[in-house]
Structures are given as structure tokens and as C-alpha cells.
């Protein structure tokens, strides 16, 4: 929380700040980036510890396929420990100027069952949000992070209609079917005001929406995506405003525990191809450098049909590396991604080398260009890479 409420005496200010610090600390201990495994080096906490099997047994777990209902499932799912709404996109201005953006909300439940709070300051959930804009032509990457508890209107999530917000950063449903949502966020040197409309229906990843991350029962999430949302609106960089349009991607997951020891990071691709297909694939990396058997993805046809991709069907190769001058971490800077059974051979290239978010969790996430090889289509998308420590790589 960034604003101080007037009229607090010194003791109440101290109590409030101490309580908020405790909640933020708890969020850092419990809440991680989405999708899969990884290692968070700040503080030495691994993702497998945070999303492993040590949660209170009162929380619900993703153990078997469920029936999804939309638009209701865009809203929150009480009883699970972690939930996130993940918007990313590539946009172009009228003058051809390119941008990428990320607006993500993460909710962590403090208890398995919502408790009655005797104070308006009481909260059952803590929300964290990340906001980033890639100014490709300006060669600048802007990012910001916020935390707040879901109390006093500071932050919260709701369904019917869907909304999630943290202070003035928000995603709010504007249409039920086809689904439409408005994104709004502003920080000192960047802002977005975007309208998104689903061009394809929701697609269920994994086993009918059950995405298993390990062999341990319950180490899984419920996971769906809206892979192609037409997007139009305004981006502000500093004092300049740009009217933009393009494509966005929504990823949605909720879970209580998802991981196990030995999973040290992941690489997540969400790609829009110019032939109308969309490709999502995540590679879980193990401590010995191998790809985890529970890696997987989804290929979405231009008409909306889906096909689950097993780890064995996707070939990933790192061609070159980039080292962060700020953290010393090394990240892949050029990937080759092949899906022979779908006649796809692609190169995935960051639009800017430095799209590293140095927030409470250090990771790389940014806009990428897709270059088709051997007759494959070009495209654009987003790439997330975690668990790359200082000195890692080849």
C-alpha cells in the first residue's frame, strides 16, 4: 500500500506497517509465478517448497478433471491456495511502433476457509500484481510490482461479472459471450488502457483442464487459456500516448500444490502464428538439466480445435545466451522450437534482450518474434523463463 491514511497516531502506524509487512512476507513465502516449477533465489526459497505438498490439508487440491463453466470460471475459486490471471500481448501503433505488455494478478489465500473478520482491515487473501511494458522501438523495458491485502477495497477478485484489481490496476469483464475484458494500469513511466475481445473460445490444457506437474497426487493445477484476444486501446510511455492494436493471450490457473523437489525452473512459450494457429508449451527443467516428463502444451488450430502436445513431440534447442548486467543471470536469447508432427520449425527471438523483471522474484518475461523455418509461419508471442541463476547456462 503506497498511501498513508491521515489521522493515524504513531502506534497505529507502526501496527499497520508491521501487519502489512507480515502479509507481504507471507506472500513472498507462498506465492510464486505461475505454471510450473522453478527456483527463487531471493531468500533461498524454491518454487517446489512454495507449491509443494506442505500446504494446510484444509485447502482444496487439483486431483481430477472438473467441469468448467464460462464465464463463471474466470472468477476466483475459494478454497485453493493460489490463483492467477495472466494477460500478455504484442501491440502495434498506427506508425508501426511495436510494444509488448504484461499485466498479471496473483492471489494467495491466508487460510483454507474464509474467516469472519472483526475489523474492516481483516483479510483472507493477499494479492500481488506485476505490470510491464516493452517499448521495442524505444529499446526500453519498464516494469513495476505491487502488493496489497484484499481489504478496504484496496484489492480483490470477484465473479459474475469477473473483476480483479489491485488499487488502480484492474481487469474487468465488459462482455460475457464472446468474452470481453478491459485492462487498466498506470505507473510513473507507463500506462495501458486496453479492450480485449476473445477471438477463440477457452481451451483446456492438460487432461481436460487438469495440468499435472508431477506424479504426486494433487501436485497439479486447473489450467485453461484464451489464446487469441483481439486488443485495441492506448499505451502511454512517459508523456507520449500511442493508439495500438494487436493480439493478447490469457492464461489462468489455480492450485494448492503443484511441484516436487528437483524441478528447478521452466520455459513457457505462448505464440500466435500468422497461419491462425496458436501454440502453448512449457518445459519444466530438472536440476540435472533434463526436461521433466511432465512438460507439455497445447496446439490450437485456426478454427479453434485443440491438440495436446506431449514433451516428446516438442524439440527445444538453445542457440545463444544473454547475460543480465543487473543480476548476472544467463538466459537463452534464441530458441529453436520444432513440432515435427505439426510441421512446425520455429525460431523464437526476444524483441529486446533485457526483459528481466527484477521484482520480489527475478525472472525473464517478454515479447518475442517468431521466425518460421522450412516453410513454417512467422508470428509473435510471449516467453517466460525462470530458475536461471547467476552463472547458469553454457
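The values are calculated or read from the model by the stated rules, or taken from the named source; none is laboratory data. Here the structure is a predicted model, which is why all the values come from computation and not from measurement. Backbone-built Cβ (ideal geometry, glycine too); neighbour counts: all protein chains shown.
Applying the criterion of being part of a strand (DSSP E or B) and either more than 21 Å from the chain's Cα centre (by Cα) or in contact (Cβ under 8 Å) with a residue 60 or more places away in the chain (or both) to the residues of region 147-162, the residue that is nearest to residue 355 (Cα to Cα) is 147. With respect to being in contact (Cβ under 8 Å) with a residue 40 or more places away in the chain, on the phi > 0 side of the Ramachandran plot and within 23 Å of the chain's Cα centre (by Cα), residue 304 fits the description. All of (1) surrounded by fewer than 19 Cβ atoms within 10 Å (Cβ to Cβ); (2) touching a helix residue (DSSP H, G or I) at 6+ places or on another chain (Cβ under 8 Å) hold for residue 236 with one exception: (2). In region 276-297 there is no residue that is free of Cβ contacts under 8 Å to residues at least 24 places away in the same chain, more than 20 Å from the chain's Cα centre (by Cα), in a strand (DSSP E or B) and surrounded by fewer than 23 Cβ atoms within 10 Å (Cβ to Cβ). The condition (being in a loop (DSSP other than H, G, I, E, B) and over 29 Å from residue 219 (Cβ atoms)) is satisfied by just one residue among 326, 347: 326.
If you go through region 358-371 and pick out every residue that is farther than 24 Å from residue 291 by Cα and either in contact with a strand residue (DSSP E or B) (Cβ under 7 Å, 6 or more places away or on another chain) or not in a strand (DSSP E or B) (or both), you end up with 2. Considering only residues that are closer than 16 Å to residue 386 by Cα and at pLDDT below 95, which ones fall in region 296-325? Once the filter is applied, which keeps residues that are closer than 16 Å to residue 386 by Cα and at pLDDT below 95, region 296-325 yields nothing. Would you mind stating whether residue 381 is under 21 Å from the mean Cα position of the chain (by Cα), modelled with pLDDT of 95 or more, buried (at least 22 other Cβ atoms within 10 Å of the Cβ) and closer than 30 Å to residue 144 by Cβ? Yes: the conditions hold for residue 381.
Answer yes or no as to whether residue 165 is under 17 Å from residue 88 (Cβ atoms) and touching a strand residue (DSSP E or B) at 6+ places or on another chain (Cβ under 7 Å). For residue 165, the condition - under 17 Å from residue 88 (Cβ atoms) and touching a strand residue (DSSP E or B) at 6+ places or on another chain (Cβ under 7 Å) - is not met.
Among the candidates 230, 221, which residue alone is at negative phi, surrounded by fewer than 22 Cβ atoms within 10 Å (Cβ to Cβ), in contact (Cβ under 8 Å) with a residue 24 or more places away in the chain and out of contact with any helix residue (DSSP H, G or I) (no Cβ under 9 Å at 6 or more places or on another chain)? Reasoning before the result, please.
Values: 221 fails: surrounded by fewer than 22 Cβ atoms within 10 Å (Cβ to Cβ).
On inspection, the qualifying residue turns out to be 230.
All conditions but one from (1) touching a residue at least 60 places away in the same chain (Cβ under 8 Å); (2) buried (at least 18 other Cβ atoms within 10 Å of the Cβ); (3) part of a strand (DSSP E or B) apply to residue 243; the one that does not is (2). Among the conditions (1) over 19 Å from residue 92 (Cα atoms); (2) surrounded by fewer than 18 Cβ atoms within 10 Å (Cβ to Cβ); (3) more than 19 Å from the chain's Cα centre (by Cα), the only one that residue 260 does not satisfy is (2).
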